[in-house]
Amino acid sequence: MNSLKKIMMVALTMLSITKIDAQIKNAKTEVVKIYGNCGMCKSKIEKAGSLKNIAQVSWDKETKMATLSYDASKTNQEEILKRIALAGYDSDVFLAPDKAYSSLDECCQYDREAKVPVKADAKTDAIGMTVVNPSSVSESQKANELQSVFESYFLLKDALIKGEGKLAAENSQKLLTAITAVKMETLSMDVHMVWMKVLNDLTADSKNISATQDIKKQREIFKSLSKNSYELIKVSKFSEPVYYEYCPMADANWLSKESVIKNPYYGSQMLSCGKVVETIK
Amino acid sequence: MNNFRLIVLFFFVVLSVNAQKTVRYDLYVRDTIVNFTGKPKRAIAVNGQIPMPTLTFTEGDIAEIYVHNELEEDTSLHWHGLFLPNKEDGVPNLTQMPIKPHTIHKYTFPIIQNGTHWYHSHTELQEQIGMYGSFVLNKRANDPTFRKGIDDLPTVPVILSEWTDMDPNNVHRLLHNASDWFAIQKGTTQSYSEAIKAGHFKTKVTNEWKRMNAMDVSDVYYDKFLINGKSESQLSQFKSGDKVRLRVSNGGASTNFWLTYAGGKITVVANDGSDVEPVEVDRLLIAASETYDVVVIIPADKTAYEFMATSEDRTKSSSLYIGNGIKQLVDPLPKLKYFEGMKMMNDMMKMNGDLDDMGMSMSLNQMDMNVVMYPEITGEAKGKSDKKMTGDDYNSNKLSDITTLNYAMLKSPMKTTLPKDVPVKELRFELTGNMNRYVWSLDNKVVSETDKILIKKGENVRIVLHNGSMMRHPMHLHGHDFRLLNGQGDYAPLKNVVDIMPMETDTLEFNANVDGDWFFHCHILYHMMSGMGRIFSYENQPPNPLITNPKLAQRKLFADDRMFHFMAENDFATNGNDGEAMYANTRWSIGTEWRLGYNDMHGYEVETHIGRYIGKMQWLMPFVGFDWRYRRMGIDEHEQNLFGQADTKDNRAVFSAGVNYTLPLLIIAQAEIFTDGNLRLQFERKDIPVSKRLRMSLMWNTDKEYMAGLRYIVRRNFGITTHYDSDMGVGFGMSLNY
Ligand SMILES: [Cu+2]
Ligand SMILES: [Cu+2]
């Protein structure tokens, strides 16, 4: 009985394979790598890539290799891989959008080997573009020493706005790295003084945030982190205006590059709660 | 003394002219065949390419551009955003006569500004089929406004556009005939069955009760969207850490584009060719004909980041990959929640067709009513909530952590104030329109129905625009930049296009400083061709040497929006032929309906009406007509109508007068009196959207005639039908329409 079932299964599979072959005209076959983990990934990849009568994808979860067969007069490898990437799966041609990857189920969140990490200084560089009149150039160069600290702070804040504990922990780790990288001897006198004052707390807070993924705890610690950062940014200045904002419900402040309120203490539930209390230029 | 000053001035001008560099371009305009979709189609290429070549100058140059018209039709080129003498502005029949086939026209003007601009044909619909290109004006190296870190970045001109396989004249005709073919292609029919599925039946009924057809954020379905003429392309010369300045122009004929970037924030550094203080955003919408300079950075090695332009209706997008290596994609924009948009429109629409902003004074794109349709801002569709909306509920920057650019965020790096102590002329316009009949106007008048607006040289002109229509309109002024009053005080940004969303009010002002007849119009090509614009004309200006016969020029200019559009359809059914033909323009309609049986008993009947549409919404149409019928009933049977009058259906040739009025639920009520004294009242509703492709029509009148029909739309001009008619009985058939 059981073997009969098996035979039927095999026959059926055979049938479906031949059927597929019959459907796709001028079929061209290629084997490419697609990053993924599990059986669920397999069905998602195959569904995203296949298109009735035009393209058929079959992915092997052991080898991570996918066999693409498609009608070369109607589509091409790029189009298929783009659809798969939009579903969350990297290949050697396309990287999935971050949102598509992060909305995959946990078991599907494969290691993104194909993705090259962002250079730490790239982001800071973007800011250097802000127009500065010649008289303030030297001042802003000094500020650059702390630039990456503030940039990491803003990344951490953005993660808290989104309510993503994992991302917040990662960004806090970056903040910690940035703090330890600061060469204090290059700081000007007044900045140096404040730096010495807040250094310990800053280090402790960023370490504690990076040690947990519990968004509630992270937000609590973020209060004092924000307060110390504020003291620092007030003397050291930033290359563009920074807004010191206040949330009455959390009774806490934060720093932002935008005057538009996006509350890191409540995220989406109370996103626009709060007001700007000071503009630091 | 005065003479002496003139002479000195003259020498100065001559000297500086001599010091200038003349830069010459030759443009050969030719018919071509393109293949964007797999089907070869006609297009127009300049120097063999689409888009037209990028023209580059430096401030202070003299431009000399020779246009060689090798088409079999007229053409012209308009230099969008340029300050130039009026006769070089390139608007046919207004600033010059059209460039005739196989002739050469020379444009020449000094370049007295810098920034990102573009150029395009201003003749008929040529802009839709290839005649658009970038026009880049570099700053001089010693320019005091030169911005280190911005003006010295590597620069790439980027021009956005769209492609349709359909002949644009046909696109234009279909728009005027309220064809819903584009909606079917876009999947935005918003029919009753789709409404029921989405839990929005009541929304749909209310919408039709308020006499609205399904509304969309775009008018036309396009097959492809293009960046520099391609759906996908790559700039692989850039590497990690590089900053790139993209000079983006929207050369689309009717498409607004969302711009998003996979490598992080987009820094906006200029708009419409004028510098603005750098502002970082996650995304921006570039309206048709606007230009934005944006700076993006490549954050990682061996990676190309997607810069994506998505049409506002989100049907498709086009990608530019910046960098070399694996392609990092950006999140695609999720599909619009149309029924949420419909519900929002219902709330805003008053019964008389006016829009009601419910006390939210809206301006500068800060509140976008369409956010109710954006899942990335307002979440996935979630059925109904009856919460009263306030201004903050439409402010996308407050609703989400995505920062979207709006006009209030643009700030000029220098003061832009106008001369003081000069007279101020204030003008107000309401942007008006009517999607059902595709009439677009200012103050309910099209170009040909108005005189030129006279302005005096030296005065400041302030224009207050209010959009009372249901579509957004990018209004463009030729030959001048205006200040857009956006709360930045003396640092209001300079623009030459202002995109105004429904219900918004925006104020702009400029100093009248160059003689001429300057066009001010909506830059949606099909709105402009429908007459949405005005002409500003300087008082006491010298005549334009290129317009030798001003009367003729004006008549040809007005011909654009006076144009009639033709449509016809016929249902070939088992029980007879049923059809209509219509020839209509902004105000007039000549329509004929016929019912032709296959034998005398079923009868033959032709009714012709010539009418004029009245009012902004054009719900009222008085008409005169002629009615001819012939029928044999076998036993010479006479009938009576509902009013007890003898029916003359069997043999009738009479004139008539009457009126059509559109009732709620888009029912057309018709009262008609005939020269034989007979009176007829009729109610008819055509094309009820039952499902995506199924339409139902219903009719009843006091001659005791009635009809019910169904039509399934198979292709643009082909459908399968069934109907029941009181004269001809049940029939099945197929309908053909043009
Ligand atoms: Cu233009
Ligand atoms: Cu318009």
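Long-range amide H contacts for B:GLY516: which residues qualify at under 5 Å (H placed 1.01 Å from N, peptide plane, sequence gap of 5 or more or a different chain)?
HN-HN under 5 Å from B:GLY516: B:TYR538.
Which of the peptides B:122-131, B:671-680 is most tightly packed, and how do the rest follow, going by the mean number of other Cβ atoms within 10 Å of each residue?
Output ranking for B:122-131, B:671-680: B:122-131, B:671-680.
Take every residue in peptide B:246-257, count the Cβ atoms of other chains within 10 Å of its Cβ, and give the average of those counts.
The shielding value for this peptide is 0.
Show me, for region B:43-50, the HN-Hα J-couplings you get by feeding each phi into the Karplus relation (A = 6.51, B = -1.76, C = 1.60, θ = phi - 60°), rounded to Hz, glycine and proline as x.
Per residue, the Karplus-derived 3J(HN,Hα) values read 8, 10, 10, 10, 6, x, 9, 10 Hz.
How large is log10 of I(q)/I(0) for region B:84-193 at q = 0.09, 0.10, 0.13, 0.21 Å⁻¹ when the intensity is taken from the Debye formula with one equal scatterer per alpha-carbon?
Debye output, listed in q order: -0.45, -0.54, -0.78, -1.22.
Counting only Cα, what are the radius of gyration and maximum Cα-Cα distance Dmax of chain B, in Å?
28.2, 102
Taking all protein chains as present, what is the carbon and sulfur share of the accessible area of region A:166-281, in % to the nearest whole number, probe 1.4 Å?
55 percent
Over the protein assembly as shown, with the other protein chains present, what is the accessible area per residue in square angstrom, probe 1.4 angstrom?
Dividing the accessible area of the protein assembly as shown by its residue count gives 43 Å².
Please give me, ordered by residue number, the GluC sites (Glu not before Pro) of region B:535-591 that lie in loop per DSSP and have at most 16 other Cβ atoms within 10 Å.
Of the GluC sites (Glu not before Pro), the ones in loops of region B:535-591 whose Cβ has at most 16 other Cβ atoms within 10 Å are B:GLU539.
Quick one: net charge of B:ILE614's neighbours, Cβ under 13 Å, K/R +1, D/E -1?
Value of the local net charge: +4.
Restricting to region B:218-377, compute how many DSSP beta bridges are antiparallel as a %, nearest 5.
85 percent
Please report the carbon-and-sulfur percent of the accessible area for region B:226-299; probe 1.4 Å, protein heavy atoms only, DNA, RNA and ligands left out.
Ligands and nucleic acids excluded, carbon and sulfur give 46 percent.
Have a look at region B:288-311 and report residues whose accessible surface goes down by 30 Å² or more when the remaining protein chains are included, against the chain on its own, probe 1.4 Å, ligands and DNA/RNA excluded.
Output list: B:ILE297, B:PRO299, B:ALA300, B:ASP301.
Ordered by residue, what ³J(HN,Hα) values in Hz, to whole numbers, does region B:500-508 give under the Karplus form 6.51 cos²θ - 1.76 cosθ + 1.60, where θ = phi - 60° and Gly and Pro are x?
Each residue of region B:500-508 in turn: 10, 7, x, 6, 7, 10, 10, 10, 9 Hz.
For the pairs B:LYS204/B:LYS350; A:LYS82/A:LYS174; B:LYS186/B:LYS224; A:LYS197/A:LYS262; A:LYS42/B:LYS692, flag any whose C-alpha to C-alpha distance is greater than 23 Å.
A:LYS82/A:LYS174; A:LYS197/A:LYS262; A:LYS42/B:LYS692
Could you name every residue in region B:398-432 that has 50 Å² or more less accessible surface in the full protein assembly than in its own chain alone (probe 1.4 Å, ligands and nucleic acids excluded)?
So the qualifying set is B:LYS398, B:ASP401.
Tell me whether the protein assembly as shown comes out rounded, prolate or oblate; compute the Cα gyration tensor, take square roots of the eigenvalues as a ≥ b ≥ c, and use a/c under 1.5 as the rounded threshold.
oblate
So which residues in region A:254-272 end up with at least 20 square angstrom less accessible surface once the other protein chains are there, compared with the chain by itself, probe 1.4 angstrom?
Buried-area filter returns A:GLU258, A:VAL260, A:LYS262, A:LEU271, A:SER272.
Using all alpha carbons of region B:462-560, what is the percent of pairwise distances in each 5 Å bin, ordered from the shortest bin to the longest?
Result returned by the calculation: 2, 11, 19, 22, 18, 15, 8, 4, 1, 0.
Counting only residues 5 or more places away or on other chains, whose amide H sits under 5 Å from the amide H of B:GLU504 once H atoms are built in the peptide plane?
B:ASN467
Pop out the ³J(HN,Hα) list for region A:59-64 in order, Karplus 6.51 cos²θ - 1.76 cosθ + 1.60 with θ = phi - 60°, rounded to Hz; leave Gly and Pro as x.
10, 9, 6, 6, 8, 6
For the interface of chains A and B, what total accessible area is buried with a 1.4 Å probe, rounded to the nearest 100 Å²?
For chain A against chain B, roughly 2800 Å² becomes buried.
Gap in Å between the Cα centre of region B:104-170 and the Cα centre of region B:660-723?
48 Å
Ignoring everything but the protein chains, give the 1.4 Å probe accessible area of A:GLU78 in square angstrom, nearest 10.
70 Å²
The values are calculated or read from the model by the stated rules, or taken from the named source; none is laboratory data. None of the values given here were measured: they were computed from a predicted structure. So basically every Cβ, Gly included, is an ideal-geometry build from the backbone, and we count neighbours across all protein chains shown. In case anyone asks, the SASA skips ligands and DNA or RNA and just uses the protein heavy atoms, side chains included. Shrake-Rupley method; radii C 1.70, N 1.55, O 1.52, S 1.80 Å.
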